[in-house]
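Undergrad: Once you've had a glance at the structure underneath, I'll fire off some questions.
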Amino acid sequence: MELIVKVGGSVAADQQAMASLFQDLASLRIPSVLVHGGGKAVTDLAARLGITSSFHEGVRVTQPREMALVDMVLAGETNTELVRLAQRAGVAAVGLTGADGALLTGTLLFPGEGRTARVSSVNLAVPELLLKEGFLPVIATVGTGEDGLAVNINADEAAQAIACAAARRARKGSPPVHLCFISDTVGVLNDQGRIIPEITTSAIEELIAAGTVKDGMAAKIRSCRSALEAGVARVVIGDYSEAGDITRLLQGTKGTSLVPSSRGSTASERSSP
Ligand SMILES: Nc1ncnc2c1ncn2[C@@H]1O[C@H](COP(=O)(O)OP(=O)(O)O)[C@@H](O)[C@H]1O
Ligand SMILES: CC(=O)N[C@@H](CCC(=O)OP(=O)(O)O)C(=O)O
């Protein structure tokens, strides 16, 4: 596994962008997995059923009665629709949840307050098996708790945990692992609304403390730091607007690259996003 691409809910719902993204992945010809979100669709369904969702620093505090809805939306509709779309785009894809083959196991993050979990272990056996047979694994980030019951894992954190596990497995001399977060924003923006092309890990907490980066983006850039610390070679955040964007993101000509503090400065603005 060399490339982990995470798409947020708004990108996952954009059929045109996703069809193009699947074609990008096919043409790259490197063992890749797609991890998807879909948080907004969960919030919308919960609201229709009279449940008000709540979040802590961009992470859902999943009420016990909300968990079945998370399963329904992420593992049910979103995952299945993405697999169908990949197939229409000519990519052989297989949908997985974190429960399959114990891909994602978690410990409760807000004990007593519901079913949100933090990843405690990752088992890449099933995705690796699929990659060997030429399938693209498409992963919904509902998993299993240490108590054997359903848990909801933030998709950014799950993508990061999968990338970290892949980086740990990569033996000396094997190709590096890359992690690409595709969201509804061209990258991480500064206080003037301009894209920051490069952020060092030591600047992450400062950007959050200053309020420049918040909500879902705060969780995302914290995930980036964990990935870099675990040996993921390249971590980038950006949007997907046209064919070839995955390559541009991986090359650093688009989006925001996260880099270890030992490399680069906290970065200046790119003149045009
Ligand atoms: N400094 C920032 N730069 C860009 N986006 C930011 C920033 N701070 C907060 N955000 C918010 O983070 C959102 C992206 O995170 P999130 O909603 O979790 O996306 P996704 O569902 O794609 O993972 C943006 O749409 C924006 O509202
Ligand atoms: C615990 C937690 O936050 N789970 C997320 C999982 C989906 C997700 O992360 O979706 P996006 O990438 O579209 O935000 C949620 O329920 O919203």
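Undergrad: Is there a residue being crowded, with 17+ Cβ neighbours inside 10 Å and within 11 Å of ligand 2 (Cβ to nearest atom) anywhere in the stretch 14-23?
TA: No, there is no match, as no residue in the stretch 14-23 is crowded, with 17+ Cβ neighbours inside 10 Å and within 11 Å of ligand 2 (Cβ to nearest atom).
Undergrad: Within the stretch 165-183, does at least one residue satisfy the condition of being among the small types (G, A, S) and within 16 Å of ligand 2 (Cβ to nearest atom)?
TA: Yes, the stretch 165-183 contains at least one residue that is among the small types (G, A, S) and within 16 Å of ligand 2 (Cβ to nearest atom).
Undergrad: Just give me the residues in the stretch 217-239 being open to solvent by less than 30 Å² (accessible area, probe 1.4 Å) and part of a helix (DSSP H, G or I), in sequence order.
TA: A218, A219, K220, I221, S223, C224, A227, L228
Undergrad: Out of I204, I153, I need the residue that is crowded, with 23+ Cβ neighbours inside 10 Å and within 15 Å of ligand 1 (Cβ to nearest atom). Which one?
TA: It is I153.
Undergrad: Suppose we filter the stretch 44-76 for residues that are surrounded by fewer than 19 Cβ atoms within 10 Å (Cβ to Cβ), of a type in the set (D, E, K, R), at negative phi and within 16 Å of ligand 1 (Cβ to nearest atom); how many remain?
TA: 1
Undergrad: Among the numbered conditions (1) within 8 Å of ligand 2 (Cβ to nearest atom); (2) touching a residue at least 60 places away in the same chain (Cβ under 8 Å), tell me where K40 comes up short.
TA: (2)
Undergrad: Which residue pairs have Cβ atoms closer than 8 Å, lie 6 or more positions apart in sequence or on different chains, and pair a first residue in the stretch 158-187 that is within 29 Å of T107 (Cα to Cα) and more than 16 Å from ligand 1 (Cβ to nearest atom) with a second residue that is of a type in the set (D, E, K, R) and open to solvent by less than 50 Å² (accessible area, probe 1.4 Å)?
TA: The qualifying pairs are A166/E2; P176/E2; P176/R234; V177/E2; H178/E2; H178/R234.
Undergrad: So for the stretch 105-112 (the condition being within 16 Å of ligand 2 (Cβ to nearest atom), of a type outside the set (V, I, T) and touching a His at 6+ places or on another chain (Cβ under 9 Å)), does at least one residue qualify?
TA: yes
The values are calculated or read from the model by the stated rules, or taken from the named source; none is laboratory data. Please read all numbers here as calculations on a predicted model, not as lab measurements. Note that we place each Cβ from the backbone using ideal geometry, even for glycine, and neighbour counts take in every protein chain shown. Quick note on the areas: whole protein, heavy atoms, side chains included, nothing else; ligands and nucleic acids left out. Shrake-Rupley method; radii C 1.70, N 1.55, O 1.52, S 1.80 Å.
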